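One structure is given here, and the rest of the page talks about it.
No lab work stands behind these numbers, since they all come straight from the coordinates. Note that the structure is predicted; figures quoted are calculated from it, not measured. Counting neighbours? That spans all protein chains shown, and the Cβs are built from the backbone with ideal geometry, glycine included.
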Amino acid sequence: MPLLDRYVLREWLGILGLVLAATLGLLVMHALYEDLEDLLALGANASEVLAYSLVKIPGFVATLLPLCLLVSVLYALGKLHHGSEITAMRAAGVGLFRITRSVWVAGVFFCGVVWFLNATVVPWSFEESRRIWEVLQVRQELQGKAPDRVGSRVAVTFDNTAQGRLWFINRYSQFTKRAYGVSVSELDSQRREVTRWLAREAWQDLKKGGWVLRDGREVQFDPRSGEVVRTEAFRELAMSNFNEDAGLMQIYDAKPDSLSLFELGRVVEHYRASGSPKTQVYALRYASILAECLMPLVIIAFAVPFAVAGVRVNPAVGVSKALGLFVVYFVALRLGMVFGGRGYVSPALAALLPHLALLGAGGVAWVRVR
């Protein structure tokens, strides 16, 4: 690697490491301060608190990396500009892009890092931290509740439009993996009820496939009149054609922001297969997470000219510009969410809109400093 590239890269990565370590440490301490009392109330020991804190760190890194990149680029290049080093390089005939070539290469690398984090590590971190929390809740509830009421989710509904089945579950226990107070309606092509199964409890048979209903009744209707034409009680009924996933049922109607990338993918696939209008909202959230991998390059595109433009002032002034630049980003982000959520643009375009806005601002700034 040429000496110039090594020098610029060393100056930048040193600042990036300090900023990332400081902000990550503060964020972990803040999260631990917020959750520690609740964790101790759930009976967590020191190893469980430590495991919970470590599991959450990858999610913090993915969130902080774009901001840390912005601050570090503005400060490091602003420092070189303040010391007239960039001015001397440009006076010697070295272009701005050549000076920052190593920064651009590192930006491409960080794009890959963000993609890897968002696509694999962050979803795992999100789900694992939630699992640890739920395990602690279940352990505490076992001391004073019946097993079938431990880790319960109430009023679970699931509309399997593709196969014409509508589920209502009074209570689903994550401890016993069973549903209690179950009603399953089979609908015809016109969404009229044909058959209804009522059961005291039901569970997904992972070995044989399908669901098992226990202590219930099967009721058949005339779809035209809605009148009952046949009813029959059953002790236990195996429904091999019921392929609904209990895990999907529990996240089916959750808010997009509360789901990991893996869970969003499952929900989007389900809604898309059924042609639901909710597809747009979840697909927008899914696309916005994936689009974040472009942030390192977009940040470099507008941070470099902002750092070296104007008079040679203290490099901390460049850092202060970050606030204004991120205001533009968040305004564009909200506009993208509004347009994408209402279906005016595709989820992919809505997710890219904030990045395109910053890229445009960076392009204008590059023209001004050339």
(message) Rg and Dmax in Å for segment 147-249, alpha carbons only: what are they?
(response) 13.6, 42
(request) List E269, E37 from most exposed to least, where exposure is judged by having the fewest other Cβ atoms within 10 Å. (result) E37, E269
(request) Rounding to the nearest 20 debye, state how big the charge dipole of segment 147-249 is about its Cα centre with +1 on each Lys and Arg Cβ and -1 on each Asp and Glu Cβ. (result) 300
(request) Give the angle, between 0 and 90 degrees and rounded to the nearest 10, that separates the Cα long axis of helix 279-291 from the longest principal axis of the Cα atoms of the chain. (result) 30
(request) Have a look at F221, Y180, Q163 and report the one farthest towards the positive end of the charge dipole of segment 147-249, computed about the Cα centre with Cβ charges (Lys/Arg +1, Asp/Glu -1). (result) Y180
(message) Given the DSSP H assignment, sum -39500 (n - 2.57) over each helix run of at least 4 residues in the chain and divide by its residue total; what's the result at 222 nm in deg cm²/dmol, nearest 500?
(response) -20000 deg cm²/dmol
(request) Subtract the Cα-Cα distance of E85 and S225 from 0.36 nm times their separation in residues, and report this length gain in nm to one decimal. (result) 41.9 nm
(message) Can you work out the Karplus-derived ³J(HN,Hα) for every residue in segment 336-341? Use 6.51 cos²θ - 1.76 cosθ + 1.60 with θ = phi - 60°, whole Hz, and x for glycine or proline.
(response) x, 5, 5, 5, x, x
(message) Above 34 Å lies some portion of the pair distances; for the chain, what is it as a whole percent of all C-alpha pairs?
(response) 46
(request) Choose one answer from K207, K56, K177: the residue with the largest mean-square fluctuation in a GNM of the chain with alpha-carbon springs under 10 Å. (result) K207
